[in-house]
Amino acid sequence: MLETQRSYWRVRLSEIGARNKARAVDQKAMKRLKENYRKWEEQILEPWLKSSPELDKDFQTPSNIKVGRVYTPLDIENFDPVRDAGLPGSFPYTRGVYPTMYRGKPWTMRMFSGFGTPEDTNKRLKYLINHGETGLSIAFDMPTLYGYDADSERAEGEVGKCGCNISSLKDMDILLNAVPLGDVSTSMTINAPAAILTAMYAAVGERQGVPLKKLRGTVQADMLKEYIAQKEWVYPPEAHMRIIRDMMLFCTKQMPQWNYVSVSGYHIREAGADAVQELAFTLADGFAYIDLGIEAGFKVEEFAPRISFFFNCCMNFFEEIAKFRAARRIWATVLKEKYGVTNPRALLLRFHTQTSGASLTWQQPTNNVVRTAIEALAAVLGGTQSLHTNSYDEAWALPTEEAVTIALRTQQIIAEETGVADTIDPLGGSYYLEWLTNEMEERAFSYFDKIESIGGVLAAVKAGYLQREIAETAYRTQKRAEEGKDIVVGVNKHVVEEEPPISTLKIDLKAQRRQVKRLKEVRKQRDNAKVAKALQELKNAYKNPDANSMYLILKAVKAYATLGEIVNVGREVFGEWTEPSLL
Amino acid sequence: MAAKSISKRTEQKKIRILVAKPGLDGHDRGALVLCRAFRDAGMEVIYSGLLPTPEQVVRMAIDEDVDVVALSLLNGAHMTAFPRVAELLKEKGAGDIIIVGGGIIPPEDRKKLEKFGITGNFGPGTSLKEIIEHIESRVRKERR
């Protein structure tokens, strides 16, 4: 089995390599081009270079892809517009997943937000809806992400700081107060406790009278990238993967419009990976979830459409656009060839994009408005389904209302003023972009082959291979910036001495006190015997690998068991994860 | 490269440094970059790994007999976690261990942290050279 899998990546890699090197069919036209190119070099370029040398000997993308002076059909001699690009909404989906793209429906403007108490975040969500946001996206604080209640010792000083605190169903009720769950789609950036938050969302939906079948949204629940990059885990990988499996099974039956895994490259990139690594590691994770689903007895055709993706968009404009195009083509091709998928809906790589937080600078922060606008434009030209734009003050703190508004307006200006959304994949066919798309695809396959040779994603995580690859790239990037090889305006060039302070959002300890107080009330008012019984049943389910824990998580949530209590049941059964050494 | 020559000029004894993230914060990019940079600058580097409590950080610092503890947090909890490490070190009689900090630390918090003896408190975009020089200069003063 392993042998045939390994050979798929190897075979495909050599096919792509051969395609990228292949000669064109129309040799006569190519000969003319070559002649023209040679003449240009001799008669125009060389005399020019003698008097005006170029700024650098080599130009390269942040992924170390050498960038040529100018691209011509000679660089993509074997480019086949049908095989390699196709048309929007048709295989291999390089140009976009839908036949009309933004002409039919603009991307969803989904601003990631959350801070302080559920009341604070509820207010911000309503503010954004009133200003034209079209989908919700909720950020949780560190205690919630790591599965600790607001009154846990480990939550001291951290409640509400990085996102909204949720300790029990009561908090979720307040967070979603007067948000019409039957009408909006909600994305929740939650991983280790994703099943619990999904259960809470379902419970609030039921109270609002919205049937589970009608609830639309996404939980990130991509634990693989947690071990690789974001590092918000609780249990060892196998335990989390099993809980994801349970949630997949539950959602398929009960919440068919719920995207239960959002395979995320965003955090891989923020942790220091380059664009090629982001592309390769994210898709490798995606294939691992496909394997998990197959193992759980699903048909790929049925569950692949519920897997969505989440990418970063950083500053190297064309490399980012090429990454998105390559991602679609790779996903569709591998699902078709390796997994035998025929249902077109199961071949689509749909994705959310967030502009790069790591590209924002602390220095001269208003420049970040420009960075975000350029990154957002690349995401749109790359065919994203939804987009979050960062606020200019986010290298300093969580964003103020004023900063968030500019970030949202940036998307609206791109959508409504620039005309870039009027035609699909307007950069398709660009010699450079098509060449770069091919190049990134080939490099991604080379990583797939390498990961497979280590024994798959999980083995590569346990060996620390993926984490070290990212850390080494991060260190290289930092050194390049310090040597002045990579320019960051305001940081290592065009620097000014003093920065006027900007006003930032402050989250004080009041949020923690309020959350702790409410938690006390919840513990007092609930039926504690019912909670204990629900937690015991969950424990039994966790101990039985064939049981589906999701139904029992829902039961515990409805009995007002707290997030921390539910997560602790797993801590007792599965233990906690310790990362291998990354030095 | 400049960093290397500076460390040669410092004392004979290598600087032992614990890079630690005392809290619920998985953002380890900066910490891992620093580990590599400190190592390349000739220091002996110990990394706390993720999610230690301030108590665990202090235990590691004492057990490993380090000269410096470099604290990194990007989750906004630095005003709780950093002073706690400083207090615990003093309590355990290890007040001579130098503490430096970094992360998303607003200027007004920097002054407050300095009162606890936590210096540097570097924000995003700080060069590795500046951080290394700061640590070496504090160690030089301490060893004098």
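Shape class for the range A:377-448: oblate, because the ratio a/c of the largest to smallest gyration tensor axis (alpha-carbon atoms, square roots of eigenvalues) is 1.5 or more and b/c is at least a/b. The lysines within cross-link reach of A:Lys338, meaning a Cα-to-Cα straight distance under 22 Å and a gap of 8 or more places when in the same chain, are A:Lys299, A:Lys323, A:Lys450. Along its first, second and third principal axes, ordered by size, the range B:14-143 spans 34, 31, 26 Å in Cα coordinates.
Proximity of backbone amide H atoms, modeled 1.01 Å from N, is registered between A:Ser187 and A:Leu136, A:Ser137, A:Ile138, A:Thr218 at under 5 Å, excluding neighbours fewer than 5 places apart on the same chain. How many angstrom lie between the C-alpha centres of the range A:287-341 and the range A:173-219? Using only Cα atoms to place each centre, the spacing works out to 25 Å. For A:Lys28, a cut-off of 26 angstrom between C-alpha atoms picks up these lysines, skipping any fewer than 8 places away in its own chain: A:Lys39. Per residue of peptide A:468-479, the mean number of Cβ atoms on other chains within 10 Å of the residue Cβ is 4. The calculated FRET efficiency for the pair B:Ile62 and B:Lys111, based on their C-beta separation and a Förster distance of 22 Å, comes to about 0.20.
Arrange A:Leu466, B:Leu32, A:Leu535 by Cβ neighbour counts within 10 Å, fewest through most, would you?
By the 10 Å Cβ count, ascending, the order reads A:Leu535, B:Leu32, A:Leu466.
The overall shape of the range A:487-583, judged from the alpha-carbon gyration tensor, is oblate: a/c is not under 1.5, and a/b is no greater than b/c. With Cα atoms as the point set, the range A:1-102 shows a radius of gyration and Dmax of 19.0, 61 Å. Residue order for A:Asp546, B:Asp25, A:Asp183, fewest other beta carbons within 10 angstrom first, comes to A:Asp546, A:Asp183, B:Asp25. Neighbouring Cβ atoms from other chains, within 10 Å of the Cβ of residues in B:29-40, number 5 on average.
Counting Cβ atoms of other protein chains within 10 Å of each Cβ in A:352-361 and taking the mean gives 1. Is the shape of the protein assembly as shown rounded, prolate or oblate, going by the alpha carbon gyration tensor and its root eigenvalues a ≥ b ≥ c, with a/c under 1.5 for rounded and a/b larger than b/c for prolate? Oblate is the answer for the protein assembly as shown, as a/c is 1.5 or above yet b/c matches or exceeds a/b. In this structure the amide hydrogen of A:Phe309, modeled in the peptide plane, comes within under 5 Å of the amide hydrogens of A:Val263, A:Arg350, A:Phe351, A:His352, none closer than 5 places in sequence on its chain. Counting only residues at least eight positions apart within a chain, or on another chain, the lysines with an alpha carbon under 27 Å from that of A:Lys506 are A:Lys123, A:Lys126, A:Lys161, A:Lys170, A:Lys231, A:Lys517, A:Lys520, B:Lys21, B:Lys111, B:Lys112, B:Lys115.
Once C-alpha pairs closer than 8 Å and six or more residues apart are averaged by separation and normalised to the residue number of chain A, the relative contact order reads 19 percent.
Here, each number is a calculation from the coordinates, and none is a lab measurement. Keep in mind that what you see is a predicted model, and the values were worked out from it rather than measured. Here Cβ is always computed from backbone atoms with ideal geometry, including for glycine, and neighbour counts include all displayed protein chains.
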